[in-house]
């Protein structure tokens, strides 16, 4: 079974385009490319990864697909498309020849309209994804979980995956409302969850493994062994720890799982979700 890092990014740093990278994120103000990640994946015995868009443009898709063509370890690409476009089906059809393009993501967490995902134009875009068998990555904050649940419930045949466990406030150990909303979302069997992006929601400089246990308990219990997958969120994770530190945090937790459950979590579920084989 393939061991897959189901969530990471590449970019050639551009201070205007990448204005989301603030001064406190100085470690990210540089290029991060496949050649930088490959030895890290090899060191930790990963067979490949899924690269996820960070810029919302067609140019981003072309950049990541070119990377995927050049490096076999990039097993799939989650790109961006304007889901609200009137010609969304034509746009999706134009990408069909790129076999490593597995799905799409919109940066919903940054939208002023927190319920944008439930607006008619966006719903039309999500409906079109299934026509072409594309997946959808849900990037949101906890205040949008109820909207995400409503979205996924409307399209039971569409495959969704929640990124970064919806970014709960781990720093302040807020869990009750998030837990309730996660359980509601996880009740929908067409939704999976990436165990990713957690360390950057904790205290960057002094987090400890115990900070995450309650959140991991909720996610693994709610989604079950067949709908969870690992993602490093490299290089964003470097804000709060090395690749190895982030990996070890989750690896220690998953030692309590059965061998089959570990195989699913570390690659099987990502392989099935993104149709990598």
Among the numbered criteria (1) closer than 25 Å to residue 145 by Cα; (2) surrounded by 16 or more Cβ atoms within 10 Å (Cβ to Cβ); (3) within 18 Å of the chain's Cα centre (by Cα), which single criterion is violated by residue 189?
(2)
If you go through the range 11-23 one residue at a time, do you hit one that is part of a helix (DSSP H, G or I), more than 27 Å from residue 203 (Cα to Cα) and either more than 17 Å from the chain's Cα centre (by Cα) or in contact (Cβ under 8 Å) with a residue 24 or more places away in the chain (or both)?
no
From 37, 65, grab the single residue that is over 30 Å from residue 125 (Cα atoms), touching a strand residue (DSSP E or B) at 6+ places or on another chain (Cβ under 9 Å), at pLDDT 95 or above and surrounded by 15 or more Cβ atoms within 10 Å (Cβ to Cβ).
37
Any chance you could count how many residues in the range 233-254 are closer than 16 Å to residue 212 by Cα and in a helix (DSSP H, G or I)?
11
Would you confirm, using the coordinates I've provided, whether residue 238 is surrounded by fewer than 21 Cβ atoms within 10 Å (Cβ to Cβ), modelled with pLDDT of 95 or more, at negative phi and within 18 Å of the chain's Cα centre (by Cα)?
yes
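Yes/no matrix, rows are residues, columns are (1) more than 21 Å from the chain's Cα centre (by Cα); (2) without any contact (Cβ under 8 Å) to a residue 60 or more places away in the chain; (3) closer than 16 Å to residue 136 by Cα:
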| site | (1), (2), (3) |
| --- | --- |
| 83 | no, yes, yes |
| 86 | yes, yes, no |
| 94 | yes, yes, no |
| 98 | no, yes, no |
| 105 | no, yes, yes |
| 109 | no, yes, yes |
| 116 | no, yes, yes |
| 120 | yes, yes, no |
Being at pLDDT 95 or above and either on the phi > 0 side of the Ramachandran plot or in contact with a helix residue (DSSP H, G or I) (Cβ under 6 Å, 6 or more places away or on another chain) (or both) is the requirement here; does residue 52 meet it?
no
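Criterion first (touching a helix residue (DSSP H, G or I) at 6+ places or on another chain (Cβ under 9 Å), within 23 Å of residue 13 (Cα to Cα) and outside any loop (DSSP other than H, G, I, E, B)) does residue 65 satisfy it? Before you say what the answer is, go through the steps one by one.
Values: touching a helix residue (DSSP H, G or I) at 6+ places or on another chain (Cβ under 9 Å): no; within 23 Å of residue 13 (Cα to Cα): yes; outside any loop (DSSP other than H, G, I, E, B): yes.
Judged against the criteria, residue 65 is not a match.
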Of the criteria (1) free of Cβ contacts under 8 Å to residues at least 60 places away in the same chain; (2) surrounded by 22 or more Cβ atoms within 10 Å (Cβ to Cβ); (3) within 23 Å of residue 103 (Cβ to Cβ), which one residue 163 fails
(1)
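Please go through the range 196-217 and give me each residue that is closer than 28 Å to residue 275 by Cβ and either touching a helix residue (DSSP H, G or I) at 6+ places or on another chain (Cβ under 6 Å) or modelled with pLDDT under 95 (or both), ordered by number. Spell out the reasoning first.
The initial filter retains those residues of the range 196-217 that are closer than 28 Å to residue 275 by Cβ, namely 196-198, 216.
Of everything in the range 196-217, those that are closer than 28 Å to residue 275 by Cβ and either touching a helix residue (DSSP H, G or I) at 6+ places or on another chain (Cβ under 6 Å) or modelled with pLDDT under 95 (or both) turn out to be 196, 197, 216.
Take the residues in the range 256-277 that are assigned to a helix (DSSP H, G or I) and without any contact (Cβ under 8 Å) to a residue 60 or more places away in the chain; name whichever of them is surrounded by the most Cβ atoms within 10 Å (Cβ to Cβ).
Going residue by residue through the range 256-277, those that are assigned to a helix (DSSP H, G or I) are 259-273.
Now narrow it down to the ones that are without any contact (Cβ under 8 Å) to a residue 60 or more places away in the chain: 259-262, 264, 272.
Working: 259: 7, 260: 11, 261: 18, 262: 17, 264: 22, 272: 16.
Per the stated criteria, the residue is 264.
The values are calculated or read from the model by the stated rules, or taken from the named source; none is laboratory data. Everything numeric here is computed off the predicted structure, so don't read it as measured data. Reconstructed Cβ throughout: ideal geometry from the backbone, glycine too, with neighbour counts over all protein chains shown.
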